[in-house]
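Working notes for the structure below.
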Amino acid sequence: MPPFTFNTVGSIVFGDGAVSRIGELAAARGWSRVLLVTDPGLVRLRLIEPSIQALEAAGIAVTVYSDVQADPPESVVLAAAKAAADFAADAVIGLGGGSSLDVAKLAALLAKGQEKLKEIYGVGNAKGPRLPLMLVPTTAGTGSEVTPISIVTTGASEKMGVVSPILLPDIALLDPELTLGLPPAVTAATGIDAMVHAIEAHASASANNNPVSRALAKEALRLMGAALEQAVSDGSDRAARADMLLGSMLAGQAFANSPVAAVHALAYPVGGHFHIPHGLSNALVLPHVLRFNAETAGELYAEIAPIVFPEIAGLPAKQRGTAFADDLAELSKRCGLQPRLRDVGIPEDAIELLATDAMKQTRLLVNNPRPLALEDARAIYRAAW
């Protein structure tokens, strides 16, 4: 067996109502001044108030940074880090979707004042130290609460990642009740995003693709494959919400160690240029990337396809890989997601721009199980259009 490294968070707290323990968990670690990073929507819905009250009841002073936006730009990251420093925070809590968690990670790092954002993009450039960090997801999709990755929008549209074990939080606090209010479209998009994490982790060409990540990816697909449509159709189904949140976390642990590849590389320009939500961007290109990859990764896809779609288990391996891509496309449609790039307002003449920008995602493309050139990216976008 080839050598590998598997890193994850120090503590995972999971369960209905778990967020009520946020003050207890923070106080037990000696935190006294906390920056809470979140977004305006959660503030408007008053969803952060119970957490603030629990922290204050535990004797912890709290200040809130709530200007996080989807696909956060550098200015938001820097503002959050400044808020932590100005408050003399001794810990950071991120509460929200993937963008809030990503911003919280970098705020905890940059608040120390020892590193500059522009110098830590890429893999392994962020060294720390950072402030203590707790992440509390309110969507079941990104898995950011258990990954060493933070994605930032640089310039007008390009996305870059900071990837370092120092970004793994001290605590991931997962409460399925926080996801009960997610609208069907958000549930669907984030759910497909999480499934993509598991699929790409399982088939990753990374030298660190390992048996732990593959096992987690399979369990994530088992949970989410059975729960996604139910969570979309009945957002109050607590069992489905719990399975989606746990599955998303397991997929996050998988791809945190066996990184994602071309689906994400081609999704990033779609989101960056046209402000399409990340999960939907993944869904739009997913089946087309899988069909492209099937030439070299068909057996890998055939291995996991029946986990999500048991009815195709009897097909020959080569047919299972193709059926997997087709069935995932149909799953997205059944969940109400638009199937084509044109359906979300992307013009055909944007294909060249998207393909050119996708090729800049070398951090991700190196993990793809089949080498992908510019003309391949163009063909995939055309098929998705």
Exercise. Once the other residues with Cβ under 10 Å from the Cβ of F292 are scored (Lys, Arg +1; Asp, Glu -1), what is the net sum?
Worked result: 0
Seminar exercise, completed: Label model pair S11, H273: point-to-point distance (7 angstrom along the Cα→beta-carbon line) in nm is 4.6
For this session: Please state, to two decimals, what the Cα-based radius of gyration of segment 182-384 comes to when divided by 2.2 N^0.38 Å (N = residues).
Result: 0.94
For this session: Step through the residues of segment 178-184 one at a time and calculate ³J(HN,Hα) from phi using the Karplus curve (6.51 cos²θ - 1.76 cosθ + 1.60, θ = phi - 60°), rounding each to whole Hz and writing x for Gly and Pro.
Result: 5, 9, 5, x, 5, x, x
Exercise. With charges only on Cβ, +1 for K and R and -1 for D and E, what is the dipole size of the chain about its Cα centre, in debye, rounded to 20?
Worked result: 560
Problem set entry | Cα-based equivalent ellipsoid, segment 65-127: semi-axes from gyration tensor eigenvalues, Å | 17, 15, 10
For this session: Any chance you could check the Cα centroid distance between segment 187-216 and segment 15-87 for me, in angstrom?
Result: 29
Exercise. In bins 5 Å wide, starting from 0, what share of all Cα pairs of segment 276-332 does each bin hold, as a percent?
Worked result: 4, 22, 30, 22, 14, 5, 2, 0
Problem set entry | Difference of contour (0.36 nm per residue) and Cα-Cα distance, E375 to T362 | 3.1 nm
Seminar exercise, completed: segment 11-178, Kirkwood Rh and Cα Rg, ratio Rg/Rh at 0.93
Exercise. DSSP beta bridges in the chain, what fraction antiparallel, as a percent rounded to 5?
Worked result: 20
Problem set entry | In order through segment 342-355: 3J(HN,Hα) via Karplus (6.51 cos²θ - 1.76 cosθ + 1.60), integer Hz, x for Gly, Pro | 5, 5, 10, x, 8, x, 4, 6, 8, 4, 5, 4, 4, 5
Seminar exercise, completed: Honestly segment 341-385 on the Cα gyration tensor test (a ≥ b ≥ c root eigenvalues; a/c under 1.5 rounded, otherwise a/b vs b/c for prolate or oblate) is just prolate
Seminar exercise, completed: Options [x] -0.47, -0.72; [y] -0.63, -0.90; [z] -0.54, -0.79 are given for log10 I(q)/I(0) by the Debye sum over Cα atoms at q = 0.09, 0.11 Å⁻¹, and the computed one is [x]
Problem set entry | T154 long-range amide H proximity, modeled H, under 5 Å | K159, M160
Exercise. Per the helix-only calculation at 222 nm, which mean residue ellipticity applies to the chain, given -39500 (n - 2.57) for every DSSP H run of n ≥ 4 and division by its residues, nearest 500 deg cm²/dmol?
Worked result: -16500 deg cm²/dmol
For this session: Given the peptides 249-258, 325-334, 87-96, arrange them by the average over their residues of other C-beta atoms within 10 Å, most packed first.
Result: 249-258, 87-96, 325-334
Exercise. Which value in nm describes the separation of the simple spin-label points at K318 and Q69, placed 7 Å from the Cα toward the beta carbon?
Worked result: 5.0
For this session: Lys and Arg at +1, Asp and Glu at -1: add these up for the other residues within a Cβ distance under 14 Å of S11 and post the number.
Result: -1
For this session: May I ask for the equivalent-ellipsoid semi-axes of segment 161-202, computed as the square root of five times each C-alpha gyration tensor eigenvalue and listed largest first in whole Å?
Result: 23, 18, 9
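Read-outs: derived from the displayed coordinates by stated rules, not from any lab. This one's a predicted model, so the numbers in the text were calculated from it and none came from an experiment. We place every Cβ from the backbone using ideal geometry, glycine too, and count neighbours over all the protein chains shown.
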